[in-house]
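Comments concern the structure below.
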Amino acid sequence: MNEPATTRSLVIEREMPHPPEKIWRALTQGPLLEEWLMKNDFQPVVGHPFKFRSTPVPGWNGIIDSEVLLIEPNSRLSYSWSTMGMNSVVTWTLTPTTAGTRVRLEQTGFRSEQDAAYKGANYGWTKFMGNMERVVAALD
Amino acid sequence: MQAQLATDHVFTALSDPTRRAIFEHLARDGEQNVRALTARAGVSQPAVSKHLGILKHARLVRDRRAGRETHYSAQPQALKPMIDWMTFYAAFWHDRFDRLESFLQRMDQ
């Protein structure tokens with residue numbers, strides 16, 4: 001992560017009264033994942049491309065294109081999350097606690113694949129969003 | 001539904017870093033013509049014009065003709081749906097956390 005401090009990311013944390021191993025199964029076994037997230041053809045293999053499928057609505061085909069980026073069993077899982085031209089990364093982190101597991105979700109990045117090829121400028125999504133949020137806030 | 005289509009256009013228009021740069025330039029520095037934008041964009045004038053067409057389609061920029069020149073300005077209020085995106089995902093993931101928790105309970109049974 002070489003993004004500046006303006007990085008836009010969404011973090012949600014919750015402690016759950018279950019061991020990490022069990023939560024890991026719910027995060028990484030396709031049929032279990034479907035029970036609470038979305039239909040998918042996920043496989044716990046780094047580099048595996050897969051799709052989450054939701055009900056299509058007008059203007060959105062309901063498909064999220066993903067690729068497994070990182071797997072550390074019972075601890076960390078990361079995949080890309082691309083839909084509507086917006087590419088982000090979802091990372092799950094499981095930390096054992098006395099009462100169970102702290103489950104942390106971070107959705108970050110918001111940068112397009114072309115960014116790396118864009119020479120000389122730093123117009124990543126994150127910086128752009130930070131700048132533009134101020135512009136839009138000033139409109140009200 | 002119309003709003004979703006508009007969001008889609010905004011995301012598509014801004015998925016390209018050159019277009020983001022052009023849009024940000026207009027939002028910060030005000031109205032510009034194609035020549036001035038080309039000087040900053042690092043791509044050819046036809047390419048800039050094409051990018052401006054896509055931004056205009058998404059209603060992110062507006063054009064104004066003055067004689068032989070066309071001037072472009074940013075319409076940052078068109079970004080609102082995109083900024084709402086963060087709010088959308090916050091609600092989405094909170095809901096999925098609830099579902100995950102209730103699913104974990106059912107896994108025990």
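The values are calculated or read from the model by the stated rules, or taken from the named source; none is laboratory data. Only a predicted model underlies this, so the values are computations on that prediction, with no experimental measurement involved. Because the Cβ atoms are built from the backbone with ideal geometry, glycine has one as well, and the counts that use them run over all protein chains shown.
Values as computed for the structure displayed
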read-out	value
Among the residues listed as B:GLN45, B:GLN109, B:GLN32, the single one being surrounded by fewer than 13 Cβ atoms within 10 Å (Cβ to Cβ) and polar (S, T, N, Q)	B:GLN109
Some residue of region A:18-37 being loosely packed, with under 13 Cβ neighbours inside 10 Å, at pLDDT below 95 and assigned to a loop (DSSP other than H, G, I, E, B)	no
Hits in region B:70-109 (condition: basic (Lys, Arg) and within 20 Å of A:LEU105 (Cα to Cα))	B:ARG96, B:ARG99
Test: residue in region B:1-12 that is at pLDDT 80 or above, surrounded by 14 or more Cβ atoms within 10 Å (Cβ to Cβ) and over 30 Å from A:LYS22 (Cβ atoms)	yes
Count of region A:39-81 residues which are over 20 Å from A:GLU106 (Cα atoms) and without any contact (Cβ under 8 Å) to a residue 12 or more places away in the chain	8
Breaking point among (1) away from chain B (no Cβ under 12 Å); (2) touching a helix residue (DSSP H, G or I) at 6+ places or on another chain (Cβ under 6 Å); (3) at pLDDT below 95, for A:PHE42	(3)
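To keep it simple, each residue is scored yes or no on (1) among the hydroxyl-bearing types (Ser, Thr, Tyr); (2) touching a residue at least 24 places away in the same chain (Cβ under 8 Å); (3) closer than 23 Å to B:ARG28 by Cα.
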residue	(1), (2), (3)
B:LEU79	no, yes, yes
B:THR87	yes, no, no
B:TRP93	no, no, no
B:GLU101	no, no, no
B:ARG106	no, no, no
